[in-house]
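Some notes on the structure that comes next.
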Amino acid sequence: VTFTPQSEMSGQLLPGQGSPAPSPRPWTPNSAKVAQGVFSGAPNTPGMPGPSNFADGLRQPKQRFSWADFIRGIIFGLINGVVLVPVMIGFAQIIFRDPFFEPKKALLVKAVLFSCVVHQTAFGLMSTLPFAVGQVQDAGLIFLSAMATSVVSICKDDGVSDTGTIATTLILLSSATTLLGLALILTGYFKLAALVQYLPQPVVGGYLAFIGMYCAEAGLQMMANTSVATFTEIPDAFTHGRARLVVPGVATGLLLYGILRRFRHFAVLPCLLIAIPVCFFVVMLALGLSLDDVRETGWVDSDTSTVSFYDIWPLFDFAQVHWKAFPAQLPTWFA
């Protein structure tokens, strides 16, 4: 909280207004106590309007129903859906990037989408921020992916069936994210978030850079349909005729980055995400190609099966879980 001397503020104009702004209340010995009371949850100090605590200041008063607001909310919901659905599908591809999961990829993508629906619903109903769009973030992907890959390796060495491997992976990841949520709640309850300030900046920056590299490798693997598990395997995505699939994707990504750097309007990204597949199918029809033709050449996924979200529940079979794979994932979970 900064208090500006009255002599510096007197007569200044507010942005977009043509009359002088009212001078702030001059500093008094009680000002620090007032500021402390507002942000610590103490009762309001007489003569100092404002919420009793900072969270109350974020809550907006209930307003009467308005069709205009309702339609605006639907439009913004559709925009967020256009942006988030492809992102969540990409997250599923990153988490289950091991080739073992390929036959069940449709179900696993649906499982990730369903978890995102639960996440968004809880955030929308419970958050004190009325404008919040609380969706899954990419920060934990590398850990979930590492645990999923580790489970596959352990189960394969121990002779576990495919059904048991998938059940072990899904229940492990669900348990890990649930425990992480509880850990975050306890961190907030005991006011331990300040410990983050002791992390060196190079550590934080390196972690964020690694997330970007990890997502880039997963994107190349998805486009080239070949393993790109390490940095040294990136050149493999451009060999054996795969460059024709990868180069357009990389060029599209660079184009998106450049346009979003130049234009900051909220509608730019969803419009681009809609325009890209539209342009693809327009070119496909112009060349006289069918959907089966582009599937055969690798431009479109060859898996045409459809599943419902309730088809994922049989995969959570506790009787098939290989519990010996859990202890090996503790270091990754703590990380």
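Accessible area per residue (1.4 Å probe, heavy atoms of protein chains only) ranks 155, 215 as 215, 155, with the largest value leading. Counting only protein heavy atoms and using a 1.4 Å probe, what share of the accessible area of region 198-324 belongs to carbon plus sulfur, as a whole percent? The computed percentage sits at 68. Solvent-accessible area per residue in region 246-286 equals 73 Å², computed with a 1.4 angstrom probe and all protein chains kept. Between the amide H of residue 322 and those of 168, distances stay under 5 Å, these residues lying 5 or more places away or on another chain, with hydrogens modeled in the peptide plane.
Determine the distance separating the Cα centre of region 284-329 from the Cα centre of region 130-150; give it in Å without decimals. So the two Cα centres are separated by 19 Å. Working note: Karplus 6.51/-1.76/1.60 with θ = phi - 60° gives region 110-122 the couplings 5, 5, 5, 4, 5, 5, 5, 5, 4, 4, 5, 5, 4 Hz, where Gly and Pro are set to x.
For region 153-159, 3J(HN,Hα) computed residue by residue from phi via the Karplus equation (6.51, -1.76, 1.60; θ = phi - 60°) reads 5, 5, 5, 5, 5, 8, x Hz, glycine and proline entered as x.
In this simple spin-label approximation, residue 264 and residue 240 carry label points 7 Å from Cα along the Cα→Cβ vector, and these lie 4.6 nm apart. Were the residues from residue 183 through residue 71 laid out at 0.36 nm apart, the gain over their Cα-Cα distance would be 36.5 nm.
Counting heavy atoms of the protein chains alone, residue 273 has an accessible area of about 50 Å² for a 1.4 Å probe.
The values are calculated or read from the model by the stated rules, or taken from the named source; none is laboratory data. What you see is a predicted model; the values in this text were computed from it and never measured. For neighbour counting, all protein chains shown are included, and Cβ atoms are generated from backbone atoms with ideal geometry for every residue, glycine included. Side chains are part of the model used for accessible areas, which takes the heavy atoms of the whole protein and leaves out ligands, DNA and RNA. Shrake-Rupley method; radii C 1.70, N 1.55, O 1.52, S 1.80 Å.
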